[in-house]
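The values are calculated or read from the model by the stated rules, or taken from the named source; none is laboratory data. Owing to the predicted nature of the structure, the values given are computational and were not obtained by experimental measurement. Here the Cβ positions follow ideal geometry from the backbone for every residue, glycine too, while neighbour counts run over all protein chains shown.
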Amino acid sequence: EKGGYDYFMLKEIAEQPKAVADTLLGRIDVSGDLTLDEVRISASELREVDKVVIVACGTAFHAGLIAKYAIEHWTRIPCEVELASEFRYRDPILDARSLVIAISQSGETMDTLMALRHAREQGSKVLAICNTNGSTIPRESDAVLYTHAGPEVAVASTKAFLTQLVACYLVALYLGQVRGTKWGDEIRAVIRDLAEISGEVERVLETMEPVRALARSLADKNTVLFLGRHVGYPVALEGALKLKELAYMHAEGFAAGELKHGPIALIEDDLPVVVVVPSPRGRSVLHDKIVSNIQEIRARGARTIVIAEEGDEAVVPYADHLIRIPVTPTLLQPLVATVPLQVFACELATARGNEVDQPRNLAKSVTVE
Ligand code: M6R
């Protein structure tokens, strides 16, 4: 059932191109528009939405953090993202014009379920993004957009995450389409790029051997840090979470701009630091800033592991290890940038003799609060 792989996690990482393609299937029509009929919230209701609130836990929360950039950029609707476990305890401000999006692979996460119940009690509409047909979270929501990742067995979420991202982009683009924002042309272009992205994920998977070798060489380290900016920041958080749960290593993700506000004090000789670099095209300010961050940490001894777009030459002098990812639109970069981090964590777990599919102390779905 592991399809020739040693672990479900390896199989699920390899299935990502298909999972991404399956999640797009039937949702883009021939004219390049989105048709999300299953979202049973009418276009007129969606036009009334004045706030989006995303609730989720763990990896699904990281998908939500990335969704915020897309939703706010393409729709100009303010979007908050909150850990489901924190949400209802702070008396959040919600009403009938708030759209709450609950993201969950299993559809059974108790914290997320309690958060959505709270939102519905306040009169908000809840849209679930879920991978498990007929599970509790979609059953209790007003609408559901299923991710089509297929069953995810390994505790560490991989293909579910990529498909959650795709679903979030679809919702963001759909809201933009329905509301007719000024980004219409960009939305159409991104829909075209999304349709191509599965092939890009495939290309990343074909180049992972050096990442595995690098992971093995770091097996005796205690700490790995992850830095990112913009959508690369949640990718850094996700890379750190994967490493914690699989390799049982101390791993932290930081917004690169926060370095000087504290974390740079952690940098010491030969400390591995993974940096997710935004595209040098478009918002090049971000790119320039992160290149300076890489220089700063390297000058203090960090061993820099740089994830950067093909053709980005500016990072080359400062990268002790360079992992190339395909050129994608800025907002879609997490779909390709996360994959090496999954492979990295999985290989480190193996090298450290850990149980990959069933890490200690963890359950696949957390059905208690
Ligand atoms: O089933 P859910 O998506 O609601 O689960 C949420 C988290 O428990 C889950 O993503 C967890 O963080 C994973 N083990 C991460 O790999």
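Given (1) more than 30 Å from ASP185 (Cα to Cα); (2) touching a strand residue (DSSP E or B) at 6+ places or on another chain (Cβ under 8 Å); (3) part of a helix (DSSP H, G or I), identify the lone condition not met by VAL336.
(1)
Determine which member of the set GLU209, GLU200, GLU196, GLU186 is charged (D, E, K, R), surrounded by fewer than 16 Cβ atoms within 10 Å (Cβ to Cβ) and farther than 27 Å from GLN358 by Cα.
That would be GLU196, the only listed residue that is charged (D, E, K, R), surrounded by fewer than 16 Cβ atoms within 10 Å (Cβ to Cβ) and farther than 27 Å from GLN358 by Cα.
Yes or no: THR328 in a loop (DSSP other than H, G, I, E, B), touching a residue at least 12 places away in the same chain (Cβ under 8 Å) and either within 16 Å of the ligand (Cβ to nearest atom) or buried (at least 17 other Cβ atoms within 10 Å of the Cβ) (or both)?
yes
If you take the residues of the stretch 11-34 that are at pLDDT below 95 and touching a helix residue (DSSP H, G or I) at 6+ places or on another chain (Cβ under 9 Å), which of them is surrounded by the fewest Cβ atoms within 10 Å (Cβ to Cβ)?
GLY32
Pull out all pairs, ordered by first then second residue, where Cβ-Cβ is under 7 Å, the residues are six or more apart or on different chains, the first lies in the stretch 104-122 and is in contact (Cβ under 8 Å) with a residue 24 or more places away in the chain and more than 15 Å from SER365 (Cβ to Cβ), and the second is part of a helix (DSSP H, G or I) and small (Gly, Ala, Ser).
Every condition considered, the pairs that remain are ALA115/ALA84.
With the structure loaded, tell me whether LYS289 is outside any loop (DSSP other than H, G, I, E, B), of a type outside the set (A, V, I, L, M, F, W, C) and touching a residue at least 40 places away in the same chain (Cβ under 8 Å) or whether it fails that test.
Yes: the conditions hold for LYS289.
Let me spell it out: the conditions are (1) closer than 27 Å to ALA337 by Cβ; (2) out of contact with any Leu (no Cβ under 6 Å at 6 or more places or on another chain), and ILE41 meets all of them except one. Which number is the exception?
Unmet condition: (1).
Within the stretch 341-367, restricting attention to residues that are part of a helix (DSSP H, G or I) and within 18 Å of ALA60 (Cα to Cα), which residue is farthest from the ligand (Cβ to nearest atom)?
Looking at residues that are part of a helix (DSSP H, G or I) and within 18 Å of ALA60 (Cα to Cα), I get LEU341.
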